[in-house]
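Have a look at the structure below, then the notes.
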């Protein structure tokens, strides 16, 4: 009788044991955790930043200190021009920063560093061993390329290499992070790049928050029709300028401008035509402003221009040139302006009296026949209390 084979008893299913993690993998995971923890802890400081430049400066510092890069550049994409402007850097010489700011680039110009084959997660790794920068590209002037270290050897990060991380908030491209020279000179792996991208997402949210806040502030300070400052901004700025002028003893001047027969223009045509004329005049004023000057729509068809460090004679010259430009501007509806000029010299006028003097001079120009410039009967002086400061 032949022996019967014993069948093995069925055993309860046991969960498969996870594959053991080698020392190199454990080290990589730990580095990723440390990097992510450091970036997220440091990112809390961005919420205390005031203003966009402060936020961008902190982003660059965090990427250098916690991110582990010697070279960092933060670019903001300006919606009005479509240009990438470098706004914050770490590890870049002042000379290179000045050159980079003199050569802003478009997103299209960054294409050699952001080709699809360079994608690593959502970022772009330019590896000089695999990719080549085209000749005669604007990026030669727009980027900073560090010197090759004498300790460099093949396989380490090269000065031509770069990591570019988009700053996106939803579908909106806000800018770019350009990272260079890892402290350990090692090419970042996928986990490292993804940790940096999580931080970049927080950066994008912080940038957008500050930009929206600035836009709201700007709207509160701006006349919506002309784009010039509003009356409140002019009055506040004039008060500060009078205080500064009182301390320094330097003059300042204001031009009070009022369009001639503006009511008849609205009555003859319509308010849309009037709005178009106001916008045209504002554009002429804006073109004539010097650095440091301030223009505001003061109300209706009135405009006020503040000229710091300007005495009455040059202020009259500015006013006369402005009058001629407005009269000869190529607008569909002819318009002229009467301008009153007042200049401060030293000791007892506040902002209201100063504007009142310019306003009175403007009405003198109206009485003299319109379309002309008149100066206040005498230069106004600054408040005694201000001058004493």
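The values are calculated or read from the model by the stated rules, or taken from the named source; none is laboratory data. The structure presented is a predicted model; accordingly, all values stated were derived computationally and were not measured. Neighbour counts run over all protein chains shown; Cβ positions are idealised from the backbone, glycine included.
So here's what we get for this one:
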item	result
Out of 280, 243, sole residue that is closer than 18 Å to residue 334 by Cα and either out of contact with any strand residue (DSSP E or B) (no Cβ under 9 Å at 6 or more places or on another chain) or not in a helix (DSSP H, G or I) (or both)	280
Sole exception among (1) in contact with a helix residue (DSSP H, G or I) (Cβ under 8 Å, 6 or more places away or on another chain); (2) surrounded by 13 or more Cβ atoms within 10 Å (Cβ to Cβ); (3) in the same structural domain as residue 343 (by TED's automatic domain parsing) for residue 211, by number	(3)
Selected residue (only one of 286, 268 is surrounded by fewer than 15 Cβ atoms within 10 Å (Cβ to Cβ) and either closer than 30 Å to residue 351 by Cα or outside the structural domain of residue 341 (by TED's automatic domain parsing) (or both))	286
Residue within the stretch 246-265 that is surrounded by 13 or more Cβ atoms within 10 Å (Cβ to Cβ) and free of Cβ contacts under 8 Å to residues at least 24 places away in the same chain present	no
Meets criteria (closer than 30 Å to residue 57 by Cα and in a strand (DSSP E or B)) for residue 192	no
Of all residues in the stretch 215-224 being surrounded by fewer than 12 Cβ atoms within 10 Å (Cβ to Cβ) and either in contact with a strand residue (DSSP E or B) (Cβ under 6 Å, 6 or more places away or on another chain) or part of a helix (DSSP H, G or I) (or both), the one that is modelled with the highest pLDDT	220
Residue check for residue 137: over 25 Å from residue 100 (Cα atoms) and surrounded by 13 or more Cβ atoms within 10 Å (Cβ to Cβ)	no
In the stretch 258-277, the residues that are in contact with a helix residue (DSSP H, G or I) (Cβ under 7 Å, 6 or more places away or on another chain) and not in a helix (DSSP H, G or I)	258, 259
Residue match in the stretch 198-206 (condition: touching a strand residue (DSSP E or B) at 6+ places or on another chain (Cβ under 6 Å) and farther than 30 Å from residue 59 by Cβ)	no
Residue within the stretch 321-332 that is surrounded by 14 or more Cβ atoms within 10 Å (Cβ to Cβ), assigned to a strand (DSSP E or B), modelled with pLDDT under 95 and more than 24 Å from the chain's Cα centre (by Cα) present	no
Checklist (1) surrounded by fewer than 16 Cβ atoms within 10 Å (Cβ to Cβ); (2) not assigned by TED's automatic domain parsing to the domain that holds residue 292 applied to residue 192, failing item	(1)
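Rundown of residues vs (1) closer than 21 Å to residue 85 by Cα; (2) without any contact (Cβ under 8 Å) to a residue 12 or more places away in the chain, yes/no style:
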| residue | (1), (2) |
| --- | --- |
| 164 | yes, no |
| 172 | yes, no |
| 183 | no, no |
| 191 | no, no |
| 200 | yes, no |
| 206 | yes, no |
| 224 | no, yes |
